[in-house]
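The values are calculated or read from the model by the stated rules, or taken from the named source; none is laboratory data. This one's a predicted model, so the numbers in the text were calculated from it and none came from an experiment. So basically every Cβ, Gly included, is an ideal-geometry build from the backbone, and we count neighbours across all protein chains shown.
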């Protein structure tokens, strides 16, 4: 049988087996491989805030089984953004006008409205690849690279995650590291922080010889930002029905962390009214924000999946904290309710609460010294996000599954902070942001 | 406040631990199903992570890497 | 002996028990708990009967009688005779690589992950006591030389699966899947012509990641057996000695896959083909290709 002359012994073996079992010739085996080689996943997200940003985001993901426990995962994303986003200024009873750093793209805000920047439109393309391979007896490596580009932002990154199984594969230790390098090139160049925002109607838009001249303002060909992250985790199978995971992550960002489009209004210390710009071209005084150039963040993340007879509950909790004094809690709960016949409903609730960054200000006060850092970006303030939604999923045939979800998200914060001055007391300085999230997705196994 | 949450989480895990016996390979049938994976809907998670990364000050927790964007 | 533990799953019942040092289960395609209990009982009974019959550790079975006969002739029952005929046939078909007298090699090879490999002298001494060609077998009489032993463990488990399938088929008209520690066979298709879904977890699968590596087969008819256990090996000077021993040399087979799974019409056949494949070492895949069976080898 040391194959110098390969031969089929199957016939003889089958005959011998029949004799052994004392039965008639058995039926021929019928077994079809129901595993898959390629799995294709696609989704379309529609995100729309009331009166603000709208995002349409198709994603496609392909995962290939290359045999020998090697897998490759490819993902492509397009993200089309439109609409308007709060620029950090406070409402006023006067008409307000804002421009980009070199006076381009100006927009006007009616009185008593929360200033929203409608020049938000952008389309982003992103691609990522993840390579999974067993490295040794109990260790698997996941190596990834990703790339993302949009008009004013480019990001490239690599990541490596390594898992080690032990305890009869009931326990898995995970360690991960990721680096990314981002380039931020806002149109007109990144503005110098705490400089005045051009607001005159005659803001120098027509005078520009071209944006190239201004790229030097914020730095040669754009700003950069580097992010390094580490993750350590343990996954444990607790019982036949339960699995849990705890992760600790730490990351540091350094470089340009400021948002080049966000600003703060300077207001009169008594009336809370707008004040004239120091630059005679500027009607009112707004300053570009400034954030620190480093940020260290950490999180503790806990997840548990538990299966009842057929239904499954998914619960996660994350506690996050950083050196900007932001602390947050996130609780996410989903319940998969099986309807039988291969379809299911999955209600979802998410509750998020964060405390403000230590340089978050609703506005700056004229006459007071400008703080070291300041931002009025509402996303850095004391805030609560509540999301509630429902997903419906169904398996169609042997190969495919689709699901559809609709969710409602609401963000709210302190609308009337103690520090509001004069007229500002009459305004909602942290209006609720409400959004609907719709997603349809389709999964196909070849 | 934080400590209370952490203690609670730990307690839940330890409470389960009392009934910890190593789970035998043939008892892991349920874990092979897609709905019991740690992340049964990875695209949904990716999209959600992107939304909340853009709209809140916190991010991550479940994994590392995945790319940046100009949304925050 | 405890009764089988019964569990109701979505649309079938499972009976579980331990036999042949393995977790055993029978999946019964019915909603009737009484029928499930009856069939699980039949399976357990047959598994234990064969375990008792073939166990090396008992002193009241035919194996013990044969192995302690000290050169005397032993007359065996019909079932044992069939098994010995089968062992003889397998010896011929494998050109001597499959040999039920090779069990004594475990006296010098202890596969515990350590680096203690036997000396050539030790192996040579044991080899003298191995060789089916030295056995006098003419049904129903068998005579071993002194100090030789036979071990039918290599076919026992798969055989008990097939025997159980036969009994279950006779007992009731419902489809059953018999799974004795990974050796599997089904009595026939389930309701609506469907098959039983059998997931083969690879030795290095990472549990419960998105990448859980399980090959799933839908088995409507036939059997499946796996040979190989990646945990049993010795490691010395960077060389990994698999636990598949060549009875002609007394040393482990070179280049054997870590695990071989074969699908065939009966479990016994699947098991033997998987074993033969392992014995073929680096040629495992070539051998299995020749036999025209569905198989799956894991290497590396």
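If you go through region C:155-174 and pick out every residue that is outside any helix (DSSP H, G or I) and either out of contact with any helix residue (DSSP H, G or I) (no Cβ under 8 Å at 6 or more places or on another chain) or closer than 12 Å to residue C:20 by Cα (or both), you end up with 1.
Checking each residue in region C:164-174 for being surrounded by fewer than 24 Cβ atoms within 10 Å (Cβ to Cβ) and within 14 Å of chain A (Cβ to nearest Cβ) picks out C:166, C:167, C:169, C:170.
Every condition in (1) within 20 Å of the chain's Cα centre (by Cα); (2) surrounded by fewer than 17 Cβ atoms within 10 Å (Cβ to Cβ); (3) not in a strand (DSSP E or B) holds for residue A:324 except the one numbered (2). Pairs meeting the criteria (first residue in region A:49-60 and on the phi < 0 side of the Ramachandran plot, second residue part of a loop (DSSP other than H, G, I, E, B), beta carbons under 6 Å, at least 6 apart or on different chains) are A:52/A:83; A:52/A:84; A:53/A:83; A:54/A:83. Every condition in (1) over 17 Å from the mean Cα position of the chain (by Cα); (2) more than 10 Å from every other protein chain (Cβ to nearest Cβ) is met by residue A:31 except one, and the failing one is (2). Taking region A:35-100 as the region of interest, the strands (runs of 3 or more DSSP E) fully inside it that hold 2 or more residues being over 20 Å from the mean Cα position of the chain (by Cα) and more than 30 Å from residue A:398 (Cα to Cα) are A:96-98. Quick one: residue A:264 ticks every box in (1) assigned to a strand (DSSP E or B); (2) within 13 Å of chain B (Cβ to nearest Cβ); (3) surrounded by 16 or more Cβ atoms within 10 Å (Cβ to Cβ); (4) in contact (Cβ under 8 Å) with a residue 24 or more places away in the chain bar one, so which box is it? It is condition (2) that residue A:264 fails.
Are any of the residues in region B:42-56 at pLDDT below 75, at the interface with another protein chain (Cβ under 8 Å from one of its Cβ atoms) and either at negative phi or touching a helix residue (DSSP H, G or I) at 6+ places or on another chain (Cβ under 8 Å) (or both)? Within region B:42-56, not a single residue is at pLDDT below 75, at the interface with another protein chain (Cβ under 8 Å from one of its Cβ atoms) and either at negative phi or touching a helix residue (DSSP H, G or I) at 6+ places or on another chain (Cβ under 8 Å) (or both). Has region C:202-222 got any residue that is over 30 Å from residue B:41 (Cβ atoms), touching a helix residue (DSSP H, G or I) at 6+ places or on another chain (Cβ under 6 Å), crowded, with 19+ Cβ neighbours inside 10 Å and modelled with pLDDT of 80 or more? Looking for residues that are over 30 Å from residue B:41 (Cβ atoms), touching a helix residue (DSSP H, G or I) at 6+ places or on another chain (Cβ under 6 Å), crowded, with 19+ Cβ neighbours inside 10 Å and modelled with pLDDT of 80 or more, one finds none in region C:202-222, hence no. Restricting A:369, A:431 to residues that are away from every other protein chain (no Cβ under 13 Å) and crowded, with 16+ Cβ neighbours inside 10 Å narrows the list to A:431.
This table checks each residue for (1) surrounded by 15 or more Cβ atoms within 10 Å (Cβ to Cβ); (2) at negative phi.
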| residue | (1), (2) |
| --- | --- |
| C:21 | no, no |
| C:31 | no, yes |
| C:42 | yes, yes |
| C:62 | yes, yes |
| C:78 | no, yes |
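So for region C:14-27 (the condition being assigned to a loop (DSSP other than H, G, I, E, B) and either under 30 Å from residue C:143 (Cα atoms) or more than 19 Å from the chain's Cα centre (by Cα) (or both)), does at least one residue qualify? Checking region C:14-27: at least one residue is assigned to a loop (DSSP other than H, G, I, E, B) and either under 30 Å from residue C:143 (Cα atoms) or more than 19 Å from the chain's Cα centre (by Cα) (or both). Scanning region A:267-295 for residues that are crowded, with 16+ Cβ neighbours inside 10 Å and in a strand (DSSP E or B) turns up A:267, A:274, A:284, A:286, A:287, A:288, A:290, A:295. Scanning region B:22-41 for residues that are more than 7 Å from chain A (Cβ to nearest Cβ) and at pLDDT 75 or above gives B:33, B:34, B:37, B:39, B:40, B:41.
Tell me whether region C:184-192 contains one or more residues that are more than 23 Å from residue A:21 (Cβ to Cβ), touching a residue at least 24 places away in the same chain (Cβ under 8 Å) and part of a helix (DSSP H, G or I). There is at least one residue in region C:184-192 that is more than 23 Å from residue A:21 (Cβ to Cβ), touching a residue at least 24 places away in the same chain (Cβ under 8 Å) and part of a helix (DSSP H, G or I). All conditions in (1) at pLDDT below 90; (2) in contact with a strand residue (DSSP E or B) (Cβ under 6 Å, 6 or more places away or on another chain); (3) within 18 Å of residue C:12 (Cα to Cα) hold for residue C:186, with the sole exception of (1). Would you say residue C:85 is surrounded by fewer than 19 Cβ atoms within 10 Å (Cβ to Cβ), within 11 Å of chain A (Cβ to nearest Cβ) and either in contact with a helix residue (DSSP H, G or I) (Cβ under 7 Å, 6 or more places away or on another chain) or outside any helix (DSSP H, G or I) (or both)? Here the answer is yes, as residue C:85 does meet what is asked.
Return the only residue of A:405, A:350, A:379 being within 11 Å of chain B (Cβ to nearest Cβ) and surrounded by fewer than 20 Cβ atoms within 10 Å (Cβ to Cβ). Within the list A:405, A:350, A:379, the selection yields A:350. Of note, residue A:75 satisfies the criterion of being within 14 Å of chain C (Cβ to nearest Cβ), modelled with pLDDT of 85 or more and touching a helix residue (DSSP H, G or I) at 6+ places or on another chain (Cβ under 9 Å).
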